[in-house]
Amino acid sequence: MRTLHYVAAASMLAVALPASAQQLSIATGGTGGTYYPIGGGFAEMINNHIEGAQATAEVTGASVENMGLIMRGDADMALALADTVYQAYTGTGDFETRQIDATRALASMYPNAVQLVTLAESDIHSLADLKGKRVSVGAPGSGTELNARALLEANGVSYDDFTPQRFNFNETADAIRDGDIDAGFWSVGPPTSSIMNLATTRDIRLIELSDEEIANAREEVAVFARYTLGENLYEGMDEAVTTIGVPNVLVVNAAMDEALAYQLTELLFENTDELIAVHPAANDTTVAFTMESTPVPLHPGAIRYFEEAGVDVPERLRP
């Protein structure tokens, strides 16, 4: 159930935008990940379909930083990992002293895959082999670092066991290529351009997680789920690799105008094919995925869209 068509399909232009919503910002991530093209694609959809609105995708440090931008009103929408979103909403984990209970969702967009990459010639074959190595755990304030730390600590590996580097996706790929680090984490919708570019210049290997490592991670973070990276995803990758995945959520502040939230949700689900043309990760942008995977309440404007479309919205997704 990717798109929903009903008699109000023309309402996108019928509902007047509030004056304050004419300039919209979407907080994304680094240019080497999936957030930026997905956010840029959605911004273009807004510009093309919602009269009077102009949207821009902003480069950021990704999930953790993005939740702060939503809290302060410095971004209208943001992409963030489900575990980060849940921590912000509940005031737990990295958000223990700065709860963002005004967090609301419009949709769950696609699942991220935690991808641990090293060179094919490396002696790293498991999480335990990272001990004593130089490892990029993601940009400061990113969901990648939250995921990497949770995965590692759930499996008995701490930052004290290796030399952590906090690089963004492009910096991580460059550092692996140049031999400045031994491995790096990505938590991003596959395939991602920075790993693709790395694989064209060096032979790489993606590290598979064992059943026990996955079980340990899921016990630590409830939103983790087993995820399979298909063979030939990247150049030289001749077999599938098992890892974990985390949903990505399109979040807004509860203060967003209900009519605007309605329009944005309608636009996303009635024109998903336009987003798929930008990045294949949007193949997972479905109503069913939103209902199953969203970790926080939906915005009332989004709920109105889903209800008018005949969707049964679970009680846990109602504010």
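The values are calculated or read from the model by the stated rules, or taken from the named source; none is laboratory data. Everything quoted here is computed from the prediction, not taken from an experiment. Positions of Cβ are generated from backbone atoms using ideal geometry, with glycine treated the same way; all protein chains shown enter the neighbour counts. Accessible surface areas use protein heavy atoms only, side chains included; no ligands, DNA or RNA. Shrake-Rupley method; radii C 1.70, N 1.55, O 1.52, S 1.80 Å.
A compact table of results
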read-out: Measure of compaction for the range 72-136 (Cα Rg per 2.2 N^0.38 Å); value: 1.59
read-out: Rounded percent of accessible protein surface that carbon and sulfur make up, the range 124-232, 1.4 Å probe; value: 41 percent
read-out: Computed [θ] at 222 nm, helices only, for the chain once each DSSP H run of length n ≥ 4 contributes -39500 (n - 2.57); value: -10500 deg cm²/dmol
read-out: Ordering of 292-301, 198-207 by packing [mean C-beta count within 10 Å, highest first]; value: 292-301, 198-207
read-out: Positive minus negative residues near Thr242 (Lys, Arg vs Asp, Glu; Cβ under 10 Å); value: -2
read-out: Using a Förster distance of 41 Å, the FRET efficiency for Asp123-Ala259 (Cβ separation, nearest 0.05); value: 0.10
read-out: Mean projected area (nm²) of the alpha-carbon convex hull when the chain is viewed from all directions; value: 15.2 nm²
read-out: Residue-count net charge about Gly138 - beta-carbon cut-off 15 Å; Lys, Arg +1, Asp, Glu -1; value: -4
read-out: Size descriptor, Kirkwood hydrodynamic radius, that averages inverse alpha-carbon separations across the range 27-73, Å; value: 11.1 Å
read-out: For the range 134-183: rounded, prolate or oblate by the Cα gyration tensor [a/c cutoff 1.5]; value: oblate
read-out: Distance between the range 195-233 and the range 109-142 - C-alpha centres, whole angstrom; value: 9 Å
read-out: Ordering of 177-187, 51-61 by burial proxy (mean other Cβ atoms within 10 Å per residue, highest first); value: 177-187, 51-61
read-out: ³J(HN,Hα) computed for each position of the range 88-99 - Karplus, 6.51 cos²θ - 1.76 cosθ + 1.60, integer Hz, glycine/proline x; value: 4, 5, 9, x, 10, x, 5, 10, 4, 9, 8, 4
read-out: Heavy-atom surface of the range 168-319, accessible at 1.4 Å and reported per residue (Å²); value: 40 Å²
read-out: Phi to ³J(HN,Hα) by Karplus 6.51 cos²θ - 1.76 cosθ + 1.60 over the range 68-81, Hz, x for Gly, Pro; value: x, 5, 5, 4, 7, x, 8, 9, 7, 9, 8, 9, 7, 5
read-out: Cα centroid separation, the range 154-180 to the range 265-319 (Å); value: 34 Å
read-out: Shape call, the range 98-201: gyration tensor on alpha carbons, a/c limit 1.5; value: oblate
read-out: For the range 142-217: rounded, prolate or oblate by the Cα gyration tensor [a/c cutoff 1.5]; value: prolate
